[in-house]
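The structure under discussion appears below in the form of structure tokens.
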Amino acid sequence: MQTTQPQLLVIFGASGDLTKRKLIPALFELFRRQLLPAPFAVLGVSRTALSDAAFREKTAEFLPADEPSVRSFLDMLFYQALSTEAPDEYPVLRERIAQLAARHGTGDNIIFYLSTPPKLYAVIPAHLASAGLNRSNGGFRRLIIEKPFGTDLQSARQLNRTLLNWFDEDQLYRIDHYLGKETVQNVLVTRFANGIFEPVWNHNFIHHVEITSAESLGVEERGGYYDSAGAMRDMVQNHLMQLVGLVAMEPPVVIEADAIRNESLKVFQSLRPLQPTDVPVSVIRGQYMASRIKGQQVCGYRQEAGVNPASRTETFFAMKFFIDNWRWSGVPFYIRTGKKLPTRVTEVVIHFRRTPHLLFAHSSQYQQPDNQLIIRIQPDEGILLKLGMKVPGAGFNVQPVNLNFHYADMSHERLPAAYERLLLDCMQGDATLYLRGDAVEKAWEFVQPVLDAWQDNPDIPVYGYPAGTWGPEVADRLVTDGHWRYPCKNLSDDGNYCEL
Ligand code: BG6
């Protein structure tokens, strides 16, 4: 196991939602598993004036009340009130950091985590630098930032340039929490730890690839943010493109940050650029409308708090595209994501080509199915392979059957939350599961023509779909020569009864 050096974690935006819901629980879990460095301390930074004790009390609300170890965990937390936009306050922060480091023996190693609104991504690093906090003497300084990394190609480039004024690329840790998911990492293991998949993982054997990330929730309390983002910026440019990178990449030479990140960059470099005329046919956008789900009336997107009542923001997105390289020549990739769909599910479906000759296709009752490999990211994490098997009895009728593996069956192992893995990796200086600036820009470059076409051509429709359905019907027509898989909550429940 890698060793983790003593260090201090400084969280900007310490009273924010992400800190409470994700970071603190992840840190606590690492603490319980004795994976945190020793010595270690967390300094929460936010505008509100709070004492260390008050910050600990507030934080305790997000931890299990009956856990005896909570108290010792809370003892590692400290708080500093700071107007993050005021450069003259940063010497105070520097002083506090020095005090904590001296008192707790955390050395000169510091991670700064920007759990703040994105507009501060350009501000805080500059002020850290002006206070000399971006460089260390023999220790390390790392900066974690959360998506969105820009809102389009131009702003993403600008953000990278700004960050690089103050920090080097190898100090920057850009989080895409999808890469922290066990099952997303398992895409690499499935492909490259098994001899049976790689020989068929190409255009000779794969007919098309489908990636779905569906959510049953709507925009909840985030209407204001979401209305300026939409599904494309919220899910596609980042999470779904990262999944595409892992599914489509060449085998990396070694499992190391640069080797893996180089391979996913190459995938992005090979994406066939979309022309303005492609957008109306290859991209479908939709928005959920009021409907009844399980007997309950639910509102439409435009009635959500914080959303413009005439909004044309997409809550559903589906796209067909190609990767123009040796491996994927001619293989369509389909991705889709949406809010207020029938269930929460993320999965990759590899559709293999049919046999060259349909030997058993004579029966109308049974059809020779295509083989599918389904990599279930969440929930009911696992893998499912769909095969055709003989129906017992007379003749040679073929019926699709499922071979499946569920992570839950590895009962001795719990799936760590994405943030646990990512925080620990950063503490250990491992950037493999973090995004490099060049890949972020490439992913933006690919989706930018869609944003441009939507802006330049308001006639491109935003299709309505009733909340609780699989999006606009027109999205079905994107998949030529096949159809989307309509997954259920449980990996292998399909075809018949399906619990949503
Ligand atoms: C976030 C998006 O990045 O990912 C949310 O901003 C979305 O809108 C979430 O709900 C989905 O993440 P997960 O881990 O629940 O699939």
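All of the numbers you see were taken from the coordinates with simple rules; none came from a lab. Not measured: the values here are computed from a predicted model. Here Cβ is always computed from backbone atoms with ideal geometry, including for glycine, and neighbour counts include all displayed protein chains.
Hey, what do the phi angles of the stretch 351-358 turn into as Karplus ³J(HN,Hα) couplings, whole Hz, using 6.51/-1.76/1.60 and θ = phi - 60°, x for Gly and Pro?
9, 7, 5, 6, 4, x, 9, 8
Amide H to amide H, which residues 5 or more places from G464 or on other chains are under 5 Å from it, using H placed in the peptide plane?
Q287
Under a point spin-label approximation (7 Å from Cα along Cα-to-Cβ), what is the Q303-Q269 distance to one decimal in nm?
5.1 nm
Over the stretch 321-362, one equal point on each Cα, no solvent: what is log10 I(q)/I(0) by the Debye formula at q = 0.26, 0.28 Å⁻¹?
Taken in order of the listed q values, log10 I(q)/I(0) reads -0.98, -1.05.
How big is D for the stretch 167-231, in µm² s⁻¹ as a whole number, if Stokes-Einstein is applied with the Kirkwood radius of its Cα pairs at 4 °C and 1.567 mPa s?
81 µm²/s
Provide Rg over Rh for the stretch 230-300; use the alpha carbon set for both Rg and the Kirkwood Rh (inverse mean inverse pair distance).
1.18
Which distance in Å, rounded to a whole number, links the C-alpha centroids of the stretch 70-106 and the stretch 380-434?
42 Å
With a ≥ b ≥ c taken as the square roots of the eigenvalues of the C-alpha gyration tensor of the stretch 229-382, please select rounded if a/c is under 1.5 and otherwise prolate if a/b is larger than b/c or oblate if it is not?
In terms of gyration-tensor shape, oblate.
Just want the answer: with Cβ charges of +1 for Lys and Arg and -1 for Asp and Glu, which residue in G107, L435, L385 is farthest toward the dipole's positive end in the chain?
After comparing all options, I get L385.
At 7 Å along Cα-to-Cβ for each site, give me the label-to-label distance between K390 and A60 in nm.
Placing both labels 7 Å beyond Cα along the Cβ direction yields 6.8 nm.
Just name one of V92, A231, G464: the one whose Cα is farthest towards the positive end of the charge dipole of the chain (beta-carbon charges, Lys/Arg +1, Asp/Glu -1).
G464
Between V401 and D88, what is the FRET efficiency for a Förster distance of 51 Å, r being their Cβ-Cβ separation, to the nearest 0.05?
0.15
Quick one: plug the Kirkwood hydrodynamic radius of the stretch 308-411 (C-alpha pairs) into Stokes-Einstein at 25 °C, 0.890 mPa s, and report D in µm²/s.
Answer, rounded: 143 µm²/s.
Can you tell me the length gained on complete extension of the stretch E256 to Q158, counting 0.36 nm per residue apart and subtracting the Cα distance?
Once the chain is fully extended between E256 and Q158, it gains 32.5 nm.
Which value, in nm² and rounded to one decimal, describes the direction-averaged projected area of the C-alpha convex hull of the stretch 44-139?
So the mean shadow area of the Cα hull is 6.9 nm².
Kindly write out, for the stretch 330-347 in residue order, the coupling ³J(HN,Hα) from the Karplus curve 6.51 cos²θ - 1.76 cosθ + 1.60 (θ = phi - 60°), rounded to whole Hz, with x marking Gly and Pro.
x, 8, x, 10, 10, 10, 8, 8, x, 9, 6, 9, x, 7, 9, 7, 10, 7
What FRET efficiency would be calculated for the residue pair R33, E221, taking the C-beta separation as r and a Förster radius of 45 Å, to the nearest 0.05?
So, using R0 = 45 Å, E works out to roughly 0.90.
With a 10 Å radius around each residue's Cβ, average the other Cβ atoms per peptide and rank 280-292, 188-200, highest first.
Sorting 280-292, 188-200 by mean packing, highest first, produces 280-292, 188-200.
Amide H to amide H under 5 Å from K489: which residues, 5+ apart in sequence or cross-chain, H placed 1.01 Å off N in plane?
Hits under the 5 Å cutoff: E499.
Going by amide H atoms built from the backbone, whose H comes under 5 Å of the H on D176, apart from near neighbours?
Answer set, sorted by chain and number: L435.
Based on a Kirkwood Rh over C-alpha pairs, give the Stokes-Einstein translational diffusion coefficient of the stretch 104-200 at 25 °C and viscosity 0.890 mPa s in µm²/s.
156 µm²/s
How high is the FRET efficiency between A49 and R477 when r is their beta carbon distance and R₀ equals 45 Å, given to the nearest 0.05?
0.20
For the stretch 187-266, what percent of Cα pairs sit more than 16 Å apart?
For the stretch 187-266, the fraction of Cα-Cα distances above 16 Å is 63 percent.
Place a +1 charge on the Cβ of each Lys and Arg in the chain and a -1 charge on the Cβ of each Asp and Glu, then give the dipole magnitude about the Cα centre in debye, rounded to the nearest 20.
Charge dipole, the chain, about its Cα centre: 340 debye, nearest 20.
May I ask you to list the trypsin sites (Lys or Arg not before Pro) in the stretch 368-436 that are in a DSSP loop and have at most 12 other Cβ atoms within 10 Å of their Cβ?
Answer in residue order: R414.
Using the Kirkwood formula on the Cα atoms of the chain, what hydrodynamic radius do you get, in angstrom to one decimal?
The answer is 24.6 Å.
Between the stretch 227-255 and the stretch 151-223, what is the C-alpha centre distance in whole Å?
3 Å
Based on the alpha-carbon gyration tensor of the stretch 388-500 and its eigenvalue square roots a ≥ b ≥ c, which shape applies: rounded if a/c is under 1.5, prolate if not and a/b is larger than b/c, or oblate?
Oblate shape, in that a/c is at least 1.5 and b/c is the bigger or equal ratio.
Out of all DSSP beta bridges with both ends in the chain, state the antiparallel percent to the nearest 5.
If I count the DSSP bridges inside the chain, around 55 percent turn out antiparallel.
Residue by residue through the stretch 377-383, what is 3J(HN,Hα) from phi via Karplus (6.51 cos²θ - 1.76 cosθ + 1.60, θ = phi - 60°)? Round to whole Hz and write x for glycine and proline.
7, 5, x, 6, 4, x, 9
How many nm is it between the label spots at I293 and F322, if each spot is 7 Å from the Cα in line with the beta carbon?
Between I293 and F322, the label points sit 3.7 nm apart.
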